[in-house]
1. Look through L281, L204, L217, L235 and report the one residue that is surrounded by fewer than 21 Cβ atoms within 10 Å (Cβ to Cβ) and out of contact with any Phe, Trp or Tyr (no Cβ under 6 Å at 6 or more places or on another chain).
2. Return the residue satisfying two criteria in turn: it lies in region 702-727 and is of a type in the set (D, E) and at pLDDT 85 or above, and of such residues it is surrounded by the most Cβ atoms within 10 Å (Cβ to Cβ).
3. For residues in region 1173-1217 being in a loop (DSSP other than H, G, I, E, B) and of a type in the set (S, T, N, Q), which is most open to solvent (accessible area, probe 1.4 Å)?
4. Quick check on this structure: which one of A482, A455 is closer than 30 Å to Q179 by Cβ and hydrophobic (A, V, I, L, M, F, W, C)?
5. Enumerate the helices (runs of 4 or more DSSP H) found wholly within region 971-1040, keeping only those where 2 or more residues are within 40 Å of the chain's Cα centre (by Cα) and under 17 Å from L1057 (Cβ atoms).
6. Tell me which residues, restricted to region 390-429, are without any contact (Cβ under 8 Å) to a residue 60 or more places away in the chain, of a type in the set (S, T, Y) and either part of a strand (DSSP E or B) or surrounded by 18 or more Cβ atoms within 10 Å (Cβ to Cβ) (or both).
7. Test S1087 against the criterion of being exposed (fewer than 12 other Cβ atoms within 10 Å of the Cβ) and closer than 18 Å to A1039 by Cβ, and give yes or no.
8. Looking at region 449-462, can you tell me whether even one residue there is of a type in the set (K, R) and in contact (Cβ under 8 Å) with a residue 24 or more places away in the chain?
Amino acid sequence: MADSLSVGVNGSLENLVEETLNIDIEELDDAEYDIPAVKHTPTLESILNDLEDQTSLSEDEMSNYLVPIGEGVFEGSETLSLGSIDTRSRSSSEHRQTRSHRWTHGSNGTTHLGSILRHVILKGISTQMVSASERVNAGLPTAMAATTMIAVGTSHGLVLVFDAAQVLRWCLGASDQEQGSVSSLSFNHDCSRLLVGFAKGHILMFDITNGKLLRTLTDVHPPGTAVLHVKFTDLANLALCSDSGGSVFELNFRRMLGVRGCDSKCLFSGSRGEVCCIEPLLLHQLNTHSLRGVVLVAMATLSKIIVVSIRPRMRVMFTHALQASPASLPLITWQFVVIQMADSSRVVDPVLAFARESTLHFFQVSVDTRSKIRFVPLQKVSVSYLLLSVHWVNARTLAALDTLEQLHLLDVRTQEELEVLDLGGARLVYTTSHFKGLSTGGNVSKAMALAGERACYNSVVSFGNQLLVLGTKTFHVLTIRAWNERLAYLVKQNKYLDALTLGMAFYLEKGKAVVGLKGPKHKRKETAREKQSNFNTTSALANYATEALEACLVHLEVMSLDINQVMRLCWAHGMHDAIIHIHNRGMRDYVAPLQELMPILQTALSMGKQLNSDQIALGNKLLVYISCCLAGRAYPAGNIPEQDIQNVKYEVFKCLTCLHSKDASDSESSYPYLRYYTNLMSLRKSKLLLVRGTRKGKGAEGAIPPSPYEILRTLLQFDTREFLNVLALAFEEPEFTSELGLRQVQRLVDILLLVMVQGDGFTPSQVGSLFTFLARQLAKPWCSLHVDRQLFEQVVEFLTENSSSSTPQHHEERQQALLELMKAGGLQHYDQNKLLKLADKAAFYRVCELLYEQRREYDKILHCYLQDPLRKPQVFSFLRNLLLLYSNTPEKSKVETQIVDKIGDLLDVDCIKTGHVICLHLPHLVPVIVSKLQAQPNVLFQFLKGIFHYRDSSSKEEMPVEPQLVEQYIELMCMFAPESVLGFVSTNEEYRLDQTTAIVKTRGLSEPTAFLLEKAGDFQGALYLLLGSLDHQIEAVVAGDVSTSELVILTANLVGLCQRGSPTMDEKERQAIWFQLLESLMKPQRSNETNLPVLKELTQQLLTSMSSYVSLPAMIQFILKDPAYTGGKFGDIRELMMGMLSNSCYEETLLQVTSRLLSTDLHHQLSKLLSSSSKGITPQTSLCSICHKPLDIIQDLEEVVFFRCGHGFHSGCLEPPLQCCHCSSVANTPNLNSPNKAAPPQQHRPPSISHYKPSSNSISLVSYNMNTVTSQELLQSENFTLKLAPPPPPDLEGIF
């Protein structure tokens, strides 16, 4: 990177390319940069204000001139559009003025929380993220990018790419690669390329149209630094990246002769100030803009904002100092605005907004008449919170995320805070680890690590008028609602006055964050007026006024009201609470509200239609009102006067149990009802109970009148369970526990039985609720109810009655009612055998389970699970729990027998779970079940599939199997799942090779047979078998009978087979096998009728693979001799030849570099040994380490021998070979903890030996001997390590 440009922030610049670039703001000179004086600086409000002329277009329509309509539209109610790019604004003034403001909350109550922003979780993308993390070990999400597609990077180096329909298009990368986590992503403007930056410094480029990897960039920035940002510019071959060292680099992509490359150039050096974020200005939407062809890049360091132009030439355009806490990061965002000039013309200029801590700055970028780029300050604004992220969502609206993860929607023109949304539940992804360089050893500055503590540059991004937020498990999209949607939302929330106020703001052109209101000004006003009139304004105001009026009436003294007028108003507008309040407080009448309101609910129920919300609200109010009255409390709040409590309870209870309704005719006699009630009592004594439906066949005396007890019947039909709960609460009051109260309770229970059991119109679930209520009342210690037990028996018989017209829903209702009745204790007296028989006949398997569990007959419970279609999948949980609890009991043996008998049914439910249960809890039953299923091969295969699935997912030593069983499973697999045979035999080793080969060969499975033949050593047999399959497959593909996918897989298998067999063959044999495969692929291409691109592609891949095993001349000679290319042109084989030559050049270069590196390291090692051998030896003692005599006392022809360990010896004391006996004995001491204790000791060779012969009074050096170490021995040494030290020699530059 000798030609890179290093730009500093804190000092003068060095190595300038074309001219001196001054980025120190204090040194900027107006004269030097030809900055004209401005008398009146315009304000941001004047720039962003509306145009007042009647022919002005809306910001949405003006946006159409700025950006094309996107193509990404997410489908479904829970999804949003990424392609609807709204929001480009304009202003009415060209003047600017720098002012300082602070954001304020919306005034006059115009801020409507929740009405502007729509918050949506993209379920499709969120589900795929979680699934990838759990199933394929993709890791948690770390970064994202969004245009018309969405890319999500993960912590294990994968990139998930989704289209506009939330469909996963590509899963790029591999989790086993060493790039680390994905730290940044960027799409180009047409969404055809994706740049991926990684935490360990790698950068990859992918082709999104086909998912292929185009470039791997490993040396475009200094090693050992994480990639923080990658950004595409408007130019297709130009991108930017910044790293954790604070440097920014320009990436120029090139392609020559089909070879892709990249040139890197340093734009800013981190040694003079660390860049935290970069943001290029994208102008591809504006083909006619005056900045077209200029590439502007905004960079933010920890102390300054710098804007540079890198095209057409490098130049610093703007700098601005940033003063803030060191724990905060700078933020940058661009936006276009439409500005009306003094001559009524319009221009589109970008506005740069940057912020840090709590301060935001706005600058307009414009081009003056002399084509000079100017940065004009607009204003400076402060907020009351710490900023975490800032993004434009349209030309007037800014979205700011604070450190508490609250999103603030801000209006730039009026400095108002429009809405606040809490995103704490999103669990935002932070990229702190990348700023701290945890993946690269933490080699970042303390300032960068401190500032990046809450970095989220790549997890909160904007696209059009949408803000996208990446959570750890969810993907969120926030967008501004269209103006008409905001009105509809407020109306739906019953905020009618707010809706009217907002509609008027739209009409008066004073709305904020307006989206979708298009056309000239008069057209927009007309549209807003029509929309306002389309709302049922009168009804909306009436509903709003009704709610407010009713709330006031229930808190007013009744004596101050005109009761006649108020009651008319209440009945006219359905103010039921007010009606109850006036009756209770004004007239002290607590029965009249029931008598007057109950017919409304009764009429609604008699229609047979689903109740609307108002009718359901009325029914609930009546239930609450009755509960309050029976408990002595006033409705809706307060207490009944003390002197009226007893009377209120009596009157309301009397009204509930009244036989006649209020509007009963005079001719209606009460005698039939009384006669019927008397008959009920006598029938109890004679135990001749009526059954439901017998009323039709009775005479006049015994017949039930058409509608007895209207109030009770209506409340029971509205909500049986809740009404009975109201009665249960009332029965606990002191008035109902006295002797008289108990009589009243008994009477009410008798009436309930009369109405529900003997009458019509109630479902089995409702009848079951009644008897459950009675059972719970009978279980209370103070209860003295008298209920004939035979009634419970009759209910059991009714609930268990089989009916051909019964639907599954009704069947489940009856079973649930019987279960509740049993759990409440209502059937303790009932014959359990009879009950079990009835339940089994009615297919009430949950009831049977409860009865069997009480008897401890767990084996029969298994039958209940298998017969119940709704609970079949739960049978395995039942078996696991049962076998764990009852491991050594008689019940377990019965369950085992039942499992063996029902093994077929269990396998039909889930063979995998069945195998897991058997292997985990009952492994001894495997031979029994296998023997039983011999006559049912399909069922046996399912059973063995579950068994081997469990063994594959756990330790195989836990459950050893015989080879015969494995081979039987393989044979069954050949019959029922032949596509799985190859995978099984390649991962399992417990079968006999010869027998298995015969089984697979008999079934005609070529690929598994070839694998087994190769495993047995018959390489040629495997090759010929697969070549035959390849010929048949090619014929089928040429004929168009099958797809090419199987051909590609088969060719890949053949290539792998040849690669595995080539190392064991000589040159001639290798050429024979590879050329046979090549001949099979080239033979169909000789025909003029065959033109399959897949064959050429496979041939190219084959030549690339075989180039490592077959000489290049032989390959070229074989191709040129082929009839398909004889007499042709070079263009016919150009792709083949270029691919072969490219691969050959790469291997040759790799071999040269490897050889040079090995030679260099060998030289360093030998130099190190030579240097160490020339150093002197320091003896540890002057005595011989063996005889312990002085070393200077020696005999004739004897020498003194020193070793580098410091030990000295007389040469006569040592035995050949010469070695230090002390050090060698330590080295040769066997390791008692080693598993191989019998291993012979290794000979210890000292690195060097020095021979000395003493003179009279001194020791002098006699000779020096060093063991010669050859290069071959050095390479084979266990202590030899290859150390690759950058940078390489100069002659290696440019090889890659």
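The values are calculated or read from the model by the stated rules, or taken from the named source; none is laboratory data. Fair warning: this is a prediction, and the values are worked out from it, not measured in the lab. So basically every Cβ, Gly included, is an ideal-geometry build from the backbone, and we count neighbours across all protein chains shown. For the accessible areas, the whole protein counts, side chains as well, though only heavy atoms, and no ligand, DNA or RNA atoms are used. Shrake-Rupley method; radii C 1.70, N 1.55, O 1.52, S 1.80 Å.
1. Numbers: L281 fails: out of contact with any Phe, Trp or Tyr (no Cβ under 6 Å at 6 or more places or on another chain); L204 fails: surrounded by fewer than 21 Cβ atoms within 10 Å (Cβ to Cβ); L217 fails: surrounded by fewer than 21 Cβ atoms within 10 Å (Cβ to Cβ).
Exactly one residue qualifies, and that residue is L235.
2. The extreme case among them is D719.
3. The first filter runs over region 1173-1217 and keeps only residues in a loop (DSSP other than H, G, I, E, B), leaving 1174-1182, 1184-1189, 1191-1199, 1204-1207, 1211-1217.
Retained after the next criterion (residues that are of a type in the set (S, T, N, Q)): 1174, 1178, 1180-1182, 1185, 1195, 1211.
Working: S1174: 93, T1178: 112, Q1180: 121, T1181: 62, S1182: 78, S1185: 19, Q1195: 141, S1211: 37 Å².
Taking the candidates together, the pick is Q1195.
4. Working: A482 fails: closer than 30 Å to Q179 by Cβ.
Only one candidate qualifies: A455.
5. Numbers: elements: 981-987, 993-1002, 1006-1016, 1019-1039.
In region 971-1040, the matching helices (runs of 4 or more DSSP H) lie at 981-987, 1006-1016.
6. The answer is none; no residue qualifies.
7. Values: exposed (fewer than 12 other Cβ atoms within 10 Å of the Cβ): yes; closer than 18 Å to A1039 by Cβ: yes.
Judged against the criteria, S1087 is a match.
8. Let us first name the residues in region 449-462 that are of a type in the set (K, R), namely 454.
From what's left, in contact (Cβ under 8 Å) with a residue 24 or more places away in the chain: 454.
Looking for residues that are of a type in the set (K, R) and in contact (Cβ under 8 Å) with a residue 24 or more places away in the chain, one finds at least one in region 449-462, hence yes.
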